[in-house]
1. Can you tell me how many residues in the stretch 68-78 are at pLDDT 90 or above, under 19 Å from Asn240 (Cβ atoms) and assigned to a helix (DSSP H, G or I)?
2. Can you list the helices (runs of 4 or more DSSP H) lying wholly within the stretch 115-169 that have 1 or more residues being of a type in the set (Gly, Ala, Ser) and within 30 Å of Ile192 (Cβ to Cβ)?
3. Please determine whether any residue of the stretch 117-134 is loosely packed, with under 11 Cβ neighbours inside 10 Å and in contact with a Leu (Cβ under 8 Å, 6 or more places away or on another chain).
4. Restricting to the stretch 85-109, and then to whatever is assigned to a helix (DSSP H, G or I), open to solvent by less than 60 Å² (accessible area, probe 1.4 Å) and not small (Gly, Ala, Ser), can you tell me which residue is farthest from Leu153 (Cα to Cα)?
5. Applying the selection to the stretch 45-84, what residues are open to solvent by 50 Å² or more (accessible area, probe 1.4 Å) and within 30 Å of Ser155 (Cβ to Cβ)?
6. Can you tell me which residue is surrounded by the fewest Cβ atoms within 10 Å (Cβ to Cβ) among those in the stretch 213-235 that are in contact (Cβ under 8 Å) with a residue 60 or more places away in the chain and of a type in the set (Phe, Trp, Tyr)?
7. Name every residue in the stretch 27-44 that is within 28 Å of the chain's Cα centre (by Cα) and either modelled with pLDDT under 85 or open to solvent by 90 Å² or more (accessible area, probe 1.4 Å) (or both), in order of residue number.
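The values are calculated or read from the model by the stated rules, or taken from the named source; none is laboratory data. Bear in mind that the values here come from a model prediction, so they are computed numbers and not experimental data. Neighbour counts are summed over all protein chains in view; Cβ atoms, including those assigned to glycine, are modelled from backbone coordinates with ideal geometry. Just the protein is used for accessible areas: all its heavy atoms, side chains included, with ligands, DNA and RNA removed. Shrake-Rupley method; radii C 1.70, N 1.55, O 1.52, S 1.80 Å.
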Amino acid sequence: MTAAAARRRPHGRVRWWTYLLLSGAAAACLFPLYWMFVVATTDTATATRMPPAVVPGDNFFHLLGLVLDTVPFVQSLLNSLFVATAIGAGQAVLCALAGFAFAKLSFPGRNTLFLVVVLTMTVPTQLSVIPQYMIMSSLGWVDTLQALVVPGLASAFGIFWMRQHITATIDDELVQAATIDGANSWQVFWRIAFPIVRPAAFVLGLFGFVTAWNDFLWPFIVLKTPERYTAQIAIKALQNSYDVDLGLAMSGSFLATAPLVVLFVLVGRRMVAGVLEGAFKG
């Protein structure tokens, strides 16, 4: 080993305190999930006593049964799964399609229209609730799942994300070559551009899935029937106006959070790879 290599080697070694810091950060992120499970296995008195209990109790299955008896929670989970999957898939395809148009197609007002799309990200979501509800009411979609799906099929952030990624990863010469070979705009997008940017579209779809799964405000406004509740509204239905059973509420929260944890375990590595895809490309 040369002297230069010997001097470089310590700098590439991961120090013990790096593992300590990472372990502490991981514990801080996982503790709320653990605490939620602890409260979901006890009653309100045990959860609020000082010092609080840090060991799970034995009431989890009892509280789980109360959750299923109080609200149609399984149906609510299925509703959330349908809405979140539809929104995630829709954003992955439609935002990629719009991003491709803004990045590679030439049409009058392209830059101005893209600026308008970006500026809509500065508008608070709460300002769109009333006009959006009026539109859903005029269509007869109040208290239906399509009132949740259709408004979320595309997003300004998703269009911006995909436009930037397509600009960075797809050369204009590739698009021009496909056009010369006789491919139309849709064929160029679906057969050439989309397969290249599929990792970024997958990550965008995951973001849309998680956002739709955790959404509370819009479903709370537009849904009226318990059988059409999403998981977050079902959790709200577990509470009454005068008292909150923490164990019951946390049991429902645990049921609603578990699918997201499983999803992250299954696709977490692919999600990180999709975020980093193209990060170092010029």
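1. So the count comes out to 2.
2. On the way: elements: 129-139, 146-149, 156-169.
Counting at least 1 such residues, we get 156-169.
3. Filtering the stretch 117-134 down to residues loosely packed, with under 11 Cβ neighbours inside 10 Å leaves 119, 122-127, 130-131, 134.
Then drop every residue that is not in contact with a Leu (Cβ under 8 Å, 6 or more places away or on another chain), which leaves 125-126.
Among the residues of the stretch 117-134, at least one is loosely packed, with under 11 Cβ neighbours inside 10 Å and in contact with a Leu (Cβ under 8 Å, 6 or more places away or on another chain), which makes the answer yes.
4. Filtering first and then ranking leaves Lys104.
5. Hits for the stretch 45-84 are Val74, Gln75, Leu78, Leu81, Phe82.
6. Going through the stretch 213-235, the residues in contact (Cβ under 8 Å) with a residue 60 or more places away in the chain turn out to be 213, 215, 217-219, 221-234.
Next, from what is left, pick out any that are of a type in the set (Phe, Trp, Tyr): 213, 218, 229.
Details: Trp213: 23, Trp218: 20, Tyr229: 24.
It comes out as Trp218.
7. Within the stretch 27-44, the subset within 28 Å of the chain's Cα centre (by Cα) is 27-41.
Once the filter is applied, which keeps residues that are within 28 Å of the chain's Cα centre (by Cα) and either modelled with pLDDT under 85 or open to solvent by 90 Å² or more (accessible area, probe 1.4 Å) (or both), the stretch 27-44 yields Cys29, Leu30, Phe31, Tyr34.
Conditions (1) open to solvent by 50 Å² or more (accessible area, probe 1.4 Å); (2) of a type in the set (A, V, I, L, M, F, W, C); (3) within 26 Å of Pro32 (Cα to Cα), marked per residue:
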| residue | (1), (2), (3) |
| --- | --- |
| Gln176 | yes, no, no |
| Pro195 | yes, no, no |
| Thr211 | yes, no, yes |
| Ala237 | no, yes, yes |
| Leu248 | no, yes, yes |
| Leu266 | yes, yes, yes |
